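Just so it is clear, none of the values below were taken in a lab; they were calculated from the coordinates. Bear in mind that the values here come from a model prediction, so they are computed numbers and not experimental data. Here the Cβ is made from the backbone with ideal geometry for all residues, glycine too, and neighbour counts use every protein chain on show.
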Amino acid sequence: MFLARLGLSAVQNVFGSKKNDTSPDDISKSISLVGNCIDSHGTPPGIETDHLPGGVIQYTVDLMQDLLDNDDAWKIVERDPTEANKLQVSQLLMQFAEQFRAFPKSFFITVEPSSIRPFCGGTNSQIYSGQWKDRKVVVKLLRSHGRSVRLYKNDPAHNILFLECLRWRQLRHPNVVRLFGVDITNIGHAPTLVHPWMEKGGIRYHIK
C-alpha cells in the first residue's frame, strides 16, 4: 500500500504535526475513502456513520482541506490535482461537514486583533482589523438585530453558519473576496469571519 511505502512519518510531515495523534489505521482508511471518492467521477456514495470512527472522520476532513489548499498533498492519495478531482473532494468535504458536523482544523484560525474597537460597521456586522500569519486581515463580527451573534453548543445556527463559511472558503475567483477561516477565540468567543485586508478600501468607496 502507498502509506506503507511512504511511511507514517512522511505522511505526517506533509500535513503537519496536528495529525500526529491519528492512528495509522485511521490514516489508511481516510486515504482509501478519499481515493475511492475521486475515482467515482460523480456524486460520492453514501457514507455509513457507524462504519467511520471519529478519528477517521476528522482526519478525512483535514486531508480533504489540505488537498484543496495544497497541490503537493495529492501525492498522498496518488492522484493528480485536476479541477475535476478537486471538485470531487470539495463535494465529499461538504458531505462530511453536513453529515458528521465535522470541520477541518485549519478552518478555525486565531487572529491577533489590532484594536478592541471596530473601525467601521453597520446593522449586520462590525469590522475590526488584525494580524494573521504576518499579514493584515479584516475581522468581521456578525450581528443580528443590532446584537452580536452568539453560538452555543448544539445550536442549529452553529452548523448553518459554519457550513456556509466552509463553502465560501473553497471559492477562488477574482471578484469574490477570500475567506481565510473563522475565528471563535476573540471578541467574547463570538464567531468572526477573517478576510484579506483590501488596501484600496471597500466596494462602497469605489461606487460613490
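Summary table
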{"item": "Under the Karplus curve 6.51 cos²θ - 1.76 cosθ + 1.60, θ = phi - 60°, whole-Hz ³J(HN,Hα) for the stretch 115-126, x wherever Gly or Pro sits", "result": "7, 7, 10, x, 8, 6, x, x, 5, 9, 6, 10"}
{"item": "Of Lys75/Lys133; Lys29/Lys75; Lys105/Lys133, pairs whose Cα-Cα distance is over 18 Å", "result": "Lys75/Lys133"}
{"item": "Among 126-138, 167-179, the order from most to least packed when residues are scored by Cβ within 10 Å on average", "result": "126-138, 167-179"}
